[in-house]
Amino acid sequence: MLFNSLQYAYFLPLVVVAYYLAPRQARLVLLLAGSYLFYASWSPLFLLLILGLTAFNFVWGLVLGRYRGRTRVSTWLLATGIAVDLGVLAFYKYSLFLVQSVISILGWGNIHPAWPLPSIILPLGISFFTFEFLHYLIDVNRGQPVVRSPLHFALFAGFFPTQIAGPIKRYEQFVPQLERPRGFDWNNIGEGLQLVIVGLFKKVALADNLAPSVAVGFNHLQTSSTGLTLPDAWFTVVAFAFQIYFDFSGYTDIGRGSALMLGYRVPPNFNRPYLSRNVGEFWHRWHMSLSTWLRDYLYIPLGGNRRDRYRNLMITMMLGGLWHGANWTFVVWGTFHGAMLTAYHWSHARMSDRLRIRPPAWRPLHAILGWALTFISVCVAWVFFRAPTVQQAWSMLGSMFGWQRSTAEVLLGTQRLFIALVVAGTLAVESALEWQEQRAKRSAPTQALEPGRSRRAWARSLVPAAYVLLFAITLIAKPSVGPRFIYFQF
């Protein structure tokens, strides 16, 4: 059941209505049943997997909570729990990758084993709920409260708005909402519906209509040895940068909106990442629930900033890249980001004093140059994220930077125009929203004294019409066949 499907258009209102009409003591049971129905609509068999992992981590958390403080026992229990969760993830996600990698390595020594390749279907969302289980066990071992209600724990992992593609929740923030659920609130319904509409617009009207241009460009590399023209290469890669942004942030908006209509708040995952002026800021704005998870449960345990900072950054980002997919392209993508973060922090530590005393007139230029360098670097990294092989990624980079020239144009003029309008429109709208938010923060103490409040109230009255228009555009722009959510592979 896709968030942009007709089935979900029936499913969500039915769950919301049934949830609020049900007696309070039955609401969580109904919500859990609806969540499992949502997951089983894709594959009933894999419902057993999430049930099994939920039962194991619930029991293991109770045992870990009982024995924490006993260093040897708790360390062994935590290591065993982590090994089970990661073992299940590795089996489903990395078995084929591991076998293929070993065969390739042996092939370098002229050894060609006839090993059968495993054929394993990847369960939806396994990377997301596995990280939630790991976070729970680690935090319990650190002294956080144990979840003693099996119903609350099952909903923590199985909550349908976030179970397939995040955001990665923290149980300390989510479980208390289950313990004290809110009643019906029209404000939550309205705000949640707005998020759903915005998410659908991002996914259906933007991401799904960018996808054909991206596919044309990357597929051409598989069928031709001439590469792409320089403009086509850049249009293709920039289109993918915005496709994945709208695809994933759109999914997150729909999920957050669905949760809010039920009275629950889950963390945001994006904060206008393509306005970032350095790669460090980018990772504070992009996939925020993953970046904070990697910081808290990988980077800091490795030593964080205390020792071997740059090594820790590289390891964290390499493993973060591998988390995204079982392919060497994802390892390269993560390594590239690790190298960019290392270069940024190294240079910032040595130039911070000079930057503080730069003339005020240079600051806008510095910001523009920082933004441009960050955006180009992130787009270069996206090549490895999208290309099926490192060789094809290198071919795309050759077309982008001119060492593999071609005269064959594969993108239509209308496709280029659409990409340009999406990019320019997105940057303009998000820049205006960012400026407006910063201005509101600066003027908050004197806001009550400002004139013109009647005009702002009039403007707010237009908001419902704007969302109706956005939804109408989504329906009109919906392609006949839209691709699945990109992050379903994770």
Task: region 6-181: radius of gyration over Cα atoms, expressed as a fraction of 2.2 N^0.38 Å - done: 1.23
Task: Simple spin-label estimate for Val17 and Leu51 in nanometres, 7 Å along Cα-Cβ - done: 2.9
Task: Inter-label distance, nm, simple model (7 Å from Cα along the C-beta direction), Trp108/Thr226 - done: 3.5
- [ ] State whether region 255-413 is rounded, prolate or oblate according to the following rule on the C-alpha gyration tensor (a ≥ b ≥ c being the square roots of its eigenvalues): a/c under 1.5 gives rounded; otherwise a/b larger than b/c gives prolate, and the remaining case gives oblate.
- [x] rounded
TODO: Compute the length gained on full extension between Val99 and Ala440: take 0.36 nm times their separation in residues and subtract their Cα-Cα distance, giving the result in nm to one decimal.
DONE: 117.3 nm
Open item on the list: Cβ neighbours within 10 Å, averaged per peptide: list 376-385, 1-10 in order, most packed at the top.
Closed with: 376-385, 1-10
Open item on the list: About the Cα centre, and with charges only on the beta carbon of Lys, Arg (+1) and Asp, Glu (-1), how big is the dipole of region 6-181? Nearest 20 debye, please.
Closed with: 520
Open item on the list: With an 8 Å Cα cut-off and a minimum separation of 6 or more residues, compute the relative contact order for region 145-289 in percent.
Closed with: 33
Task: Qualifying trypsin sites (Lys or Arg not before Pro) for region 90-162 [loop in DSSP, other Cβ within 10 Å: at most 14] - done: Arg142, Arg148
Task: Calculated FRET value between Arg350 and Ala432, using beta carbons and R₀ = 41 Å, to 0.05 - done: 0.75
Open item on the list: At a threshold of 8 angstrom on Cα-Cα distance, excluding pairs fewer than six apart, so keeping six or more, what relative contact order does the chain reach in percent?
Closed with: 19
Task: Label of the coordinate-derived value, semi-axes √(5λ) of the Cα gyration tensor in Å, listed as (i) 34, 32, 26; (ii) 48, 22, 20; (iii) 42, 29, 19 - done: (i)
Open item on the list: From the alpha carbon gyration tensor of region 228-337, can you work out the equivalent ellipsoid semi-axes (sqrt of 5 times each eigenvalue) and give them in Å, largest to smallest?
Closed with: 25, 23, 13
- [ ] Would you please classify the overall shape of region 9-64 from the alpha carbon gyration tensor, given that a ≥ b ≥ c denote the square roots of the eigenvalues, rounded means a/c under 1.5, and beyond that prolate means a/b larger than b/c while oblate covers the rest?
- [x] oblate
Open item on the list: Charges at C-beta only: +1 for Lys and Arg, -1 for Asp and Glu. How large is the resulting dipole of the chain about its Cα centre, in Debye rounded to 20?
Closed with: 1380
Open item on the list: What does the extension gain come out to for Asp296 and Arg66, with contour length at 0.36 nm per residue minus their alpha carbon separation?
Closed with: 80.5 nm
- [ ] Give the peptides 424-436, 275-287 in descending order of average Cβ contacts within 10 Å, highest first.
- [x] 275-287, 424-436
Open item on the list: Checking understanding here: applying a Kyte-Doolittle mean of at least -1.0 and a length along the axis of at least 27 Å (C-alpha), which whole DSSP H helices in the chain pass?
Closed with: 44-67, 71-108, 230-261, 328-356, 363-386, 413-443
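Values quoted throughout were computed directly from the atomic coordinates according to the rules given, and no laboratory measurement underlies them. Values in this document were obtained by computation on a predicted structure and should not be read as measured data. In this analysis, Cβ positions are derived from the backbone assuming ideal geometry, glycine residues included, and neighbour counts consider all displayed protein chains.
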